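The values are calculated or read from the model by the stated rules, or taken from the named source; none is laboratory data. The shown structure was predicted, so the numbers you read here are calculated from the model rather than taken from an experiment. We place every Cβ from the backbone using ideal geometry, glycine too, and count neighbours over all the protein chains shown. When the accessible area is computed, the model is the full protein with side chains, heavy atoms only, and any ligands, DNA or RNA have been set aside. Shrake-Rupley method; radii C 1.70, N 1.55, O 1.52, S 1.80 Å.
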Amino acid sequence: MANVGFIGLGNMGGPMASNLIKAGHSVVVFDLSQAACDQLQGLGASVARSSAEAATGMDYVISMLPAGKHVAITYLGDGGLLSMLDATTTVLDCSTIDAATARTVGAEAAERGIGFMDAPVSGGVAAAAAGTLAFMCGGDANTFEKARLILQDMGKNIFHAGRAGSGQVAKGCNNMLLAIHMIGTSEALEMGARNGLDPKVLSEIMLASSGRNWSLEVYNPYPGVMETAPASNDYQPGFMVDLMVKDLGLAMEIAHQSEVDNVMGQLASALYNAHQQAGNGQKDFSSILQTLQG
Ligand code: NAD
């Protein structure tokens, strides 16, 4: 069992840290929110007074923070964690952030001989609680082997995508594709419905045909077609539009920096931004159907 410092105990980090405790690891936590720390203390964690205290002497430091700037402040520069750790600690940042910051943290860690991996997740709060997250990892092979030993206690599928930053690129690619096929699926179902087809029957037809995709198969955006999908529960999330907009922004940055002409991705990003600005940020992302319906 390992000594783990866990930083960032929000909707995702809280249940992830809790699963590490359940698996028998010794977990020291830190969050800016005292309430979040107290909750984890109740589940068996020790609470540190700073991220430095949570990280000191640990086998693993794991962070689950909102954005790149929080990750940069936590790890980089003179006061950052990398300046006070050594090769005995493996650092895993599971936050969804820009690939450029992940590469910068990876480069500074490599200079100091510290194993670092960006390991963003796929799967929301329910998967974090159930310990079924997918991790997309970027870093060297040696660090990946160490990372796998601990990530397996929080997730089901653990992929090595490539060098530092590659986890964030993989997540950007996946979520851009997810947005595109959710919009395409919504558009096709709406076109069928306006021409008198029953969306349930049309879904069955497309599922058995070449239009089959994940949005249609497990997350149908048309209300009433699939009982368990957010669409049939007033678009309660699920995966919020706000988070989809964040992830699409990161994907657009990756495309821009690598000079990819991602026409479909840009269109999907514009549609989701408009949907968010119309007041739908807290709804499930499959509610994009409502914007397409006008
Ligand atoms: P959240 O806002 O619920 O939690 C973030 C936590 O980080 C908060 O408790 C906050 O107090 C803490 N924090 C911020 N700055 C800090 C610092 N400097 N030191 C210590 N703690 C700090 O966010 P979340 O929903 O848990 O998401 C975390 C990350 O996971 C994000 O990058 C998000 O994009 C990603 N993600 C979220 C979901 C989801 O469904 N919520 C799914 C996949 C990935």
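Within segment 222-240, if we keep just the residues that are free of Cβ contacts under 8 Å to residues at least 24 places away in the same chain and assigned to a helix (DSSP H, G or I), the residue that is farthest from the ligand (Cβ to nearest atom) turns out to be SER232. Just one of the numbered conditions (1) outside the structural domain of SER258 (by TED's automatic domain parsing); (2) open to solvent by less than 10 Å² (accessible area, probe 1.4 Å); (3) within 26 Å of SER287 (Cβ to Cβ) is not true of PHE135: (3). Which of the residues spanning segment 176-191 are under 17 Å from the mean Cα position of the chain (by Cα) and open to solvent by 30 Å² or more (accessible area, probe 1.4 Å)? The answer is MET176, LEU177.
The number of residues in segment 212-221 that are touching a Pro at 6+ places or on another chain (Cβ under 9 Å), assigned to a loop (DSSP other than H, G, I, E, B) and away from the ligand (no atom under 16 Å from the Cβ) comes to 2. Of the residues that make up segment 54-64, is at least one assigned to a loop (DSSP other than H, G, I, E, B) and either among the β-branched types (Val, Ile, Thr) or near the ligand (Cβ under 10 Å from one of its atoms) (or both)? Yes, some residue in segment 54-64 is assigned to a loop (DSSP other than H, G, I, E, B) and either among the β-branched types (Val, Ile, Thr) or near the ligand (Cβ under 10 Å from one of its atoms) (or both). The set of residues in segment 16-36 being in a helix (DSSP H, G or I), buried (at least 17 other Cβ atoms within 10 Å of the Cβ) and more than 9 Å from the ligand (Cβ to nearest atom) consists of ALA17, SER18, ASN19, LEU20, ILE21.
Per the listing SER209, SER286, the residue uniquely at pLDDT 95 or above, assigned to a helix (DSSP H, G or I) and small (Gly, Ala, Ser) is SER286. Apart from one condition, ALA102 fits all of (1) within 14 Å of the ligand (Cβ to nearest atom); (2) of a type in the set (Gly, Ala, Ser); (3) without any contact (Cβ under 8 Å) to a residue 40 or more places away in the chain; the exception is (3).
When GLY68 is tested against (1) in contact with a strand residue (DSSP E or B) (Cβ under 9 Å, 6 or more places away or on another chain); (2) open to solvent by less than 50 Å² (accessible area, probe 1.4 Å), only condition (1) is not met.
Considering MET226, MET240, MET206, the condition of being surrounded by 14 or more Cβ atoms within 10 Å (Cβ to Cβ) and closer than 25 Å to ILE97 by Cα is satisfied by MET240 alone.
Checked against (1) touching a helix residue (DSSP H, G or I) at 6+ places or on another chain (Cβ under 9 Å); (2) near the ligand (Cβ under 10 Å from one of its atoms); (3) open to solvent by 70 Å² or more (accessible area, probe 1.4 Å), LEU43 passes all but a single condition, namely (2). Residues in segment 1-12 include none that are open to solvent by less than 40 Å² (accessible area, probe 1.4 Å), over 20 Å from the mean Cα position of the chain (by Cα) and without any contact (Cβ under 8 Å) to a residue 40 or more places away in the chain. Taken over segment 141-174, residues that are under 21 Å from MET244 (Cβ atoms) and among the basic types (Lys, Arg) amount to 1.
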